[in-house]
Amino acid sequence: MKTAITIDFDEFVNVFNEKGKSETQILAREKYNLSFVQIKRRLDRYTDYCFDPSLRTYNHKKQDVDLHFILS
């Protein structure tokens, strides 16, 4: 039986937002032995993070809505 891998999604998002996709790919492979895409799918499915294409960062969905409201 497979054991579930515990992923620190906050760390994953912080590395992505601060250092970019290439560093996040390295983190995914070295720390979790998973691809960037596999962790990204789990991030989308199991957390409230969403990708903001205009800022090219991940944010919590509530923060994302508040930010767009303030900028409008």
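Just so it is clear, none of the values below were taken in a lab; they were calculated from the coordinates. None of these values were measured; they are calculated from a predicted model.
Computed from phi, the 3J(HN,Hα) profile of segment 44-58 under the Karplus parametrisation 6.51, -1.76, 1.60 (θ = phi - 60°) reads 5, 7, 10, 10, 9, 6, 9, 8, 9, x, 6, 9, 6, 9, 9 Hz, with x in place of Gly and Pro.
Between residue 57 and 52, the built amide H atoms are under 5 Å apart, and every one of these is 5 or more places off in sequence or on another chain. Full extension of the chain between residue 35 and residue 14 yields a length gain of 5.9 nm, computed as 0.36 nm times the residue separation minus the alpha carbon distance. In sequence order, segment 17-34 has phi-based couplings of 5, 8, 10, x, 5, 4, 5, 5, 4, 5, 4, 4, 6, 6, 8, 10, 6, 10 Hz under the Karplus curve 6.51 cos²θ - 1.76 cosθ + 1.60, θ = phi - 60°, and Gly or Pro positions carry x. Annotation: amide H-H contacts under 5 Å for residue 34 (H modelled 1.01 Å from N, sequence separation of 5 or more, or interchain): 29.
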